[in-house]
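Colleague: One structure coming up, written as structure tokens, with questions to follow.
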Amino acid sequence: MAQRRKKVTSFQKQKLAKAQHRNEFLRKLKHVINTINGKEVSAIIPQTIFDNLYNTRTHSFKIVAPDEYNIPSWIINEARQIISGRTKNEKIIVIPNKLEVTIEEFFTVVLTASINLDRFLTDELSSLRPLKKKLKKFNTCLETIFDQANNTIYIMLLTIAFYYNDIGKILYWLKHEITPSPGLENGIVNLISIYPYKIESSSIVIDDNHRPVIRLGYAFPNYGIDWITVKPSVLNIDNPFADIPLDVYIQSHALQRLSERIDCFPTGSLHHHMFLSFKDPKVFYDINHNILIEYRYFGTRAGYFRVDIAEGMIIIRTFLFVTNNSTPEGLKLGKITGLQKLDKKYLAIDKLSTFMTSDIGENDKVRKIFTSAGCQCLLDLYEKSHKIATNSSKQFDADLMLKYIGYDKEHLPESIQHATLIRTQPA
């Protein structure tokens, strides 16, 4: 009679998993060492050295929230999943044509060899002296690669925060540290900490009414919050105090309009590009000489923020999509087509998600209308970002628009002239 197999305990499973991890780690470590040396050398390295290397290894990424902060567990868990997935898939070339590893392997296996191997290669091991010399040369070359790997982690952490950040509510920033344990007995930890910054709103008087405003800044990995200041002179304001930087605040109304009109990307990403737009502001004016600051997404114009100066602050009053009537392009589009605010809303050309469909750019007549009005930027945005858009509107109908504006009437095509948007000074 066949004997019944004993059930494997959780302790035994854990022990087996540790053994498998050790074997796989040492297999990769030996490959890295052999590649650094240029030929097989791992076979003559004493096992005690590999034991020491494993015990003092650089560990995988550990994502934590400091105890003093109350961060939702789902954010921490999602961050862990994203970082684990991306570090195991994104690769970096360590030695051209010889050694390519994942980001995970770089920050664990490669760094273990780089940081710890030299101190275990004692002078008594004469056969390993050539390896020691090559390791020293490798570590010198590794500095540039290390910067590239760190930059990859930085972009990864910045992108993760896009899904949780909202200037109107809370900002998160993540910090990556390579932290050795005392004496290296337990190795080195790749620690990623998540920090929150709860936004505080203020109130100012605008048009005799108290309005809530929020200071404009953004959270960046390994740094924290960077606040925006702008000199009035940058806005072409000339007075004795024009070169004194002013803090920038935004009304909640403007944040709402931004989300409504740029409606196909994560909120954190929208706010990050708003920060960048004010970091290097490009100034325009509407027909009433109101100050407009260009909003750029992926470096391409997508709209404008209307700003004022009040109570010693620069205030963002609202956000205007490129086609809105109060923008230079919106006015030209209105002159060419006769479309007004409600018409644009009806045709769904008052929000970016509509331009994330290819129908607009593929219709030559419609393309000509938008490019003539200075809205080529929206077609460019499609080319740059439609693959990562979270929403694309199916409301737009090119034939309906052409019929709606009477495109085939004799006078309309003649009215379409190429128009170039230029930056202007107030009259």
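Colleague: Among Leu99, Leu111, Leu117, which is more than 22 Å from Thr179 (Cβ to Cβ) and in contact (Cβ under 8 Å) with a residue 12 or more places away in the chain?
Modeller: Leu99
Colleague: I'm checking my understanding of the structure. Among residues of region 354-365 that are within 32 Å of the chain's Cα centre (by Cα) and not in a loop (DSSP other than H, G, I, E, B), which one is farthest from Ser392 (Cα to Cα)?
Modeller: Here the residue is Glu362.
Colleague: I would also like to ask the following. Name every residue in region 21-43 that is in contact (Cβ under 8 Å) with a residue 12 or more places away in the chain and touching a Ser or Thr at 6+ places or on another chain (Cβ under 6 Å), in order of residue number.
Modeller: Lys30, Ile33
Colleague: Which residues, counting only those in region 319-330, are surrounded by fewer than 19 Cβ atoms within 10 Å (Cβ to Cβ) and not small (Gly, Ala, Ser)?
Modeller: Result: Asn325, single match.
Conditions (1) in a helix (DSSP H, G or I); (2) out of contact with any Pro (no Cβ under 8 Å at 6 or more places or on another chain); (3) not charged (D, E, K, R), marked per residue:
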{"site": "Gln12", "(1), (2), (3)": "yes, yes, yes"}
{"site": "Lys30", "(1), (2), (3)": "yes, yes, no"}
{"site": "Ile36", "(1), (2), (3)": "yes, yes, yes"}
{"site": "Lys39", "(1), (2), (3)": "no, yes, no"}
{"site": "Ile49", "(1), (2), (3)": "yes, yes, yes"}
{"site": "Ile71", "(1), (2), (3)": "no, no, yes"}
{"site": "Arg80", "(1), (2), (3)": "yes, yes, no"}
{"site": "Thr87", "(1), (2), (3)": "yes, yes, yes"}
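Colleague: Another question, if that's okay. Any idea how many residues of region 242-260 are under 19 Å from Glu311 (Cα atoms) and in contact with a helix residue (DSSP H, G or I) (Cβ under 7 Å, 6 or more places away or on another chain)?
Modeller: So the answer is 4.
Colleague: Can I ask one more? Ile244: in contact with a Leu (Cβ under 7 Å, 6 or more places away or on another chain) and outside the structural domain of Leu381 (by TED's automatic domain parsing), yes or no?
Modeller: It is false that Ile244 is in contact with a Leu (Cβ under 7 Å, 6 or more places away or on another chain) and outside the structural domain of Leu381 (by TED's automatic domain parsing).
Colleague: In region 48-56, is there at least one residue being exposed (fewer than 10 other Cβ atoms within 10 Å of the Cβ), modelled with pLDDT under 90 and more than 27 Å from Glu177 (Cβ to Cβ)?
Modeller: no
Colleague: Oh, and also: Among the residues of region 218-240, is any of a type outside the set (A, V, I, L, M), closer than 14 Å to Phe305 by Cα and loosely packed, with under 14 Cβ neighbours inside 10 Å?
Modeller: No, the conditions are met nowhere in region 218-240.
The values are calculated or read from the model by the stated rules, or taken from the named source; none is laboratory data. Nothing here was measured: the structure is a model prediction, and the numbers come from that model. When we count neighbours, we look across all protein chains shown, and the Cβ atoms used for this are built from the backbone with ideal geometry, even at glycine.
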